Amino acid sequence: MAPSQNAVLTDKAAVPDVAAGPAAANAAAASFAALLEKLDYLDEVQVEQVRQAYRYADQAHLGQLRSSGEPYITHPIAVAALCATWKLDTQALMAALLHDAMEDCGITKADLVERFGSPVAELVDGLTKLDKLQFNTREENQAESFRKMLLAMARDVRVILIKLADRTHNMRTLSDMPRAKWGRIASETLEVYAPIAHRLGLNQTYRELQDLSFRHLHPWRYATLAKAVTRSRNRSRDSVQKMHTEVDAAFARVGMPVRLAGRDKTLFAIYQKMSDQHLSFAQVIDLHGFRVVVRSILDCYTALGVLHQTYKPVPGKFKDHIAIAKLNGYQSLHTTLVGPAGLNVEFQIRTEEMHIVAEAGVAAHWLYKAQEAAGTGEERMGTQWLQSLLDIQNETRDAAEFWDHVKVDLFPDAVYVFTPKSQILALPRGATVVDFAYAIHSDVGDRTVAARINNEQVSLRTELKNGDVVEVTTVQGARPNPAWLGFVRTARARSKIRHYLKTLAQSESAGLGEKLLSQALRAEGIEQLPDAQSHPVLWERLLRFTGSRSHGELLTDIGLGRRVAGIVAKRLVGLLAESGLRPDAVLLSRERYAAHENVSQGGIMLDGSESASIQYAPCCRPVPGDPIVGYLGRGEGLVVHHARCGVAQRLQRKDAERFIAVDWADEPTRFFEAGITVTVNNAKGVLARVASELTSSEADIVRIDMDDAMATTELRFVVAVRDLAHVEAALRNLRRTPAVLRAWRVLPQPAAD
């Protein structure tokens, strides 16, 4: 039944005086009168239907409060009021009022069908499913969640319009929420809802969501930029007003009726431009703008001519979005003019119909009912894109493929890739397989050894493209490669690799330090290093002597060469003597004899498995089988030199106490670099023959340099070999190669006396 006029008057009379206090203000916001004034485009029967939905929702949410302390019903009323500004139909407004009823109040879809009909119940059901989606999760059904949301939107665009109104009101009141939630909600809005609003042409909503997200993600930046923009606009107010007056006069002279209005760039748009183009605020020149609304398309181009006759245009700043509309249906002419005092001002020229579509996008279907717009505006209002979503769904049921199609339009600045189980991951452009692995989990990244993209084997440095299905292979015990830092793109991957390498270096250095200190103690006649837990007082006194903060830090410092093991060992022996433990005379004699023979029982055995704590000197490139010495560099860890290396010999004369005994293990675990020089006759293809011979000898080429002479060329290789015997075998094969005159290993030169 249609309500009587008296009933409507009663609703309006029921509005309490807001000045009476917070309770009165809450009552006003919670009353149907807060919505009624926006429903002037509906007839009385339709208003009554909306009122019935309001009463049902009000009863359902009775006793519930928002974070601000307001009655919960104020939120559905605000969402419905936003939908009413788009002139959405009665069913959409009823669904907006009821959109949280199923989720929060235990009301079933069957209840809504019985009370309000199937169309309203379907809209509320669709909105309830959207509310359950989690956009910041990493579950395997994430792509499926996006697909459901976009298909719900495609089947009935009112679903996403109500959802966008819901999100807009939530963002307007986000300050009432706990600050800990701001980041997640604002990021989700900026990354998901704002792009969808833009893709559907809802420009006003798009800009508001961006600005509200910016305000809550970066409150300090937002406030600072707001002050700077206010100051700038105050300074240029007179110039902008003068330009407004002169443009008005120019159109009056040619007799063209126009609607001229100022428009300002949003704070987020300014911030984004500064960030993307690395500009300071002073370098952003287009803070001001005007919108010119005319009667017809022909008038748009005429108005452009009038403007260009009034002020000089900035070259390269003209865009015709009427002839070539944007994907979301937006149409306008854009031109930037140089106004008074050199002020750059952008003008947007459009018809009234274009203006409605530009601000409201697909919602213009309800806002603008003219037959011409309805017949020709489908592409402009984004329905072509909506229809394409349904077409793809009909062609494939694969969620990953579906999302791959739509993500480029929504998120052009990101690369979206999939795991083999269709989990979607967003990475920055230029991201590699290693970035992907670390995005899955830090343990996956650390243990990655190989990868496949779209079932094809690729290197770990391969850059990812939209829609790639990426599969990484991990091996237990594998470690991050320091070379990855040269190509990873994401901060997460970079920080995880650095943290792992730093932790590994400290761990290995501590192990080496413990071995060196134990060896030094044996040389002083102490069989074993005292345990820190069993002798806490002893270690506390030793740490005070060394200035180290912990037992582990002291051992790490010894391993890195920051402290000399022999000096620490002597102090430790002194402390042990004070507690009654004397050196073992037999052990002391044996160790000193062994040291004299240079075959210390405590020597460090090397097999190549060492990482950051032990380095092999590039000046002499020792390989297993070479005589070697170990130098405990200051902060470098243990550096292994060839025994005949001139650098090592000079260090030994100057810093003998830092040298320790080292020897090769029986079975090295990796390849070592060696230098080889080959002199060849200049001939076509000789380099290829020499390289092929090295490869057949299983000596991998790491680097190559060459010097040309008239008849010969000297080729200098760095090759990876197993040991000294491997080097000699490769040299024998080279010497048998035609065109090779000489081949020898580059050995270190001893120091001059």
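Nothing in this text is a laboratory measurement; each read-out follows from the coordinates by a stated rule. All values derive from a computational prediction rather than experimental measurement. We place every Cβ from the backbone using ideal geometry, glycine too, and count neighbours over all the protein chains shown.
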### Message
Given R₀ = 60 Å, what would the calculated FRET efficiency be for Glu527 paired with Asp276, taking r from the Cβ atoms and rounding to 0.05?
### Response
0.35
### Message
Testing the spin-label approximation: label points 7 Å from Cα along Cα→Cβ at Met605 and Arg650. State their distance in nm.
### Response
3.5 nm
## Note on the structure
Among Lys181/Lys465; Lys163/Lys421; Lys265/Lys465; Lys273/Lys319; Lys163/Lys317, the pairs whose Cα-Cα distance exceeds 24 Å are Lys181/Lys465; Lys163/Lys421; Lys265/Lys465; Lys163/Lys317
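What's the exposure ranking of Lys515, Lys684, Lys317, going from fewest to most Cβ atoms within 10 Å? If you can, show how the numbers build up before the last one.
Working: Lys515 21, Lys684 6, Lys317 13.
Ascending number of Cβ neighbours within 10 Å: Lys684, Lys317, Lys515.
Length gain on complete extension for the stretch Thr266 to Lys684, per 0.36 nm per residue less the alpha carbon to alpha carbon distance?
Here the answer is 143.9 nm.
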### Summary
Against the 2.2 N^0.38 Å rule of thumb, the C-alpha Rg of region 511-566 sits at a ratio of 1.04
### Task
Report the full-extension gain for the segment Asn454 to Asn234: residue separation times 0.36 nm, less the Cα-Cα distance, to one decimal in nm.
73.6 nm
### Task
Starting from the amide H of Gln615, placed 1.01 Å from N in the peptide plane, find each other amide H under 5 Å away whose residue is 5 or more places distant or on another chain.
Leu638, Val639, Val640
### Summary
The FRET efficiency for Ser692 and Val746, from their Cβ-Cβ distance with R0 = 22 Å and rounded to 0.05, is 0.55
## Note on the structure
Taking alpha-carbon centroids only, region 74-100 lies from region 103-125 a number of Å equal to 15 Å
## Note on the structure
In units of 2.2 N^0.38 Å, the Cα radius of gyration of region 444-538 is 1.69
### Summary
Semi-axes (Å, rounded, descending) of the ellipsoid equivalent to region 623-753 per its C-alpha gyration tensor are 32, 17, 11
### Task
Hey, can you grab everything whose amide H is under 5 Å from the amide H of Val702? Only 5+ residues off in sequence or another chain; H modelled, so Pro and N-termini drop out.
Val718, Val719, Ala720
